[in-house]
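The values are calculated or read from the model by the stated rules, or taken from the named source; none is laboratory data. Note that the structure is predicted; figures quoted are calculated from it, not measured. Using ideal geometry, Cβ is built from the backbone for each residue, glycine included, and neighbour counts are taken over all protein chains shown.
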Amino acid sequence: MVLRAKAPELVIPSKPKFLISGESGVGKTFFSLDFPKPYLIDTEGGATRPQYQNKLKASGGAYFGKDEGSQDFNSIIEEVKSLVTTKHDYKTLIIDSFSYIYLLEAAEAELHIGSEFGRDKKEANKPTRQLIRWLEKLDMTVIIICHSKPKWIKKGKEVVQEGNTFDGYDKLEYILDLWIEISKGGKTFLIKKSRIESLPQDASLPLSYANFADVYGREIIESETKPANMASVEQITKIGNLITALNIQDDQVAKWFKKVDVEEWEEMTSEQIESLIDTLNKKIMQLNMKG
């Protein structure tokens with residue numbers, strides 16, 4: 001058996017993708033709008049007020065609200081796909097709030113299948129995972145804003161509150177590299193969870209974009225956005241023909257998808273799908289030589 005691990009190498013830091021939680025009115029949205037050239041997906045419709053629109057305009061941003069489809073999960077996913085694949089000037093994506101669209105999806109599911117055994121949340125998790133896969137491909141700072149809610153734990157026979165957590169897909173704190181909670185009064189933020197060396201967990205820092213950018217790396221956050229090179233229609237057609245020619249079964253395709261964490265061909269990068277096309281073409285050549 002051949003070992004496939006490779007030696008550690010220096011990785012260029014990517015733009016931050018992080019979660020913000022905090023009570024209503026502490027300044028989650030205002031802080032987010034200080035990031036460069038924001039593209040705001042306003043799921044609640046609260047950012048139509050002048051103070052938000054003026055701030056968004058001043059920072060060279062754009063607004064995606066209810067009229068554009070911000071309360072439909074699939075519309076949000078399609079918008080993020082466009083941000084991934086299209087050349088544009090926006091540098092920061094804000095989803096405000098993710099809690100609202102997630103709970104809206106769960107409520108819709110509850111009407112049809114109920115909430116027993118968490119069925120409603122399981123349905124809301126499906127588009128969430130798809131959204132996250134596209135966010136990972138996005139060359140922008142991503143800020144996911146969530147509502148705050150009490151965190152309850154069991155101590156002995158009692159259930160007691162232990163601080164606060166966020167409302168929504170509970171695996172976000174494990175998927176994202178950073179989770180910050182804005183304190184009451186909106187002057188500081190607490191780092192609840194972090195994999196970023198310059199932003200250590202449990203540290204409390206002043207709430208300002210300038211401070212965040214200086215600590216994380218201003219040159220990274222403010223760098224130009226580059227569109228991802230995704231699988232083309234031609235490549236998808238080509239691999240479909242190869243699968244048919246080689247009589248490859250669905251379970252094998254599922255293994256390929258799992259390996260690169262996608263659910264469909266269009267979620268693959270051009271490089272990923274081209275590598276697979278080359279492998280299948282070589283397999284056909286070998287069969288032809290034997291024949």
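Worth pointing out:
Results for (1) within 21 Å of the chain's Cα centre (by Cα); (2) surrounded by 15 or more Cβ atoms within 10 Å (Cβ to Cβ), shown as yes or no for each residue.
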residue: 185; (1), (2): no, no
residue: 194; (1), (2): yes, yes
residue: 203; (1), (2): no, no
residue: 207; (1), (2): no, yes
residue: 210; (1), (2): no, no
residue: 216; (1), (2): yes, yes
residue: 219; (1), (2): no, no
residue: 225; (1), (2): yes, yes
residue: 244; (1), (2): no, no
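- Applying the criterion of at least 3 residues that are in the same structural domain as residue 135 (by TED's automatic domain parsing) and in contact with a Ser or Thr (Cβ under 8 Å, 6 or more places away or on another chain) to the helices (runs of 4 or more DSSP H) found wholly in the range 165-236 leaves an empty list.
- Single residue of the range 240-269 satisfying the filter (β-branched (Val, Ile, Thr) and in a loop (DSSP other than H, G, I, E, B)) that is farthest from residue 229 (Cα to Cα): 248
- Unique match (being in contact with a strand residue (DSSP E or B) (Cβ under 8 Å, 6 or more places away or on another chain), modelled with pLDDT under 95 and within 30 Å of residue 219 (Cα to Cα)) among 167, 177: 177
- As a summary of the residue check, residue 153 satisfies the conditions (1) more than 13 Å from the chain's Cα centre (by Cα); (2) of a type outside the set (S, T, N, Q); (3) buried (at least 19 other Cβ atoms within 10 Å of the Cβ) except for the one numbered (3).
- When residue 139 is tested against (1) within 20 Å of residue 41 (Cα to Cα); (2) surrounded by 18 or more Cβ atoms within 10 Å (Cβ to Cβ), just one condition goes unmet, and that condition is (2).
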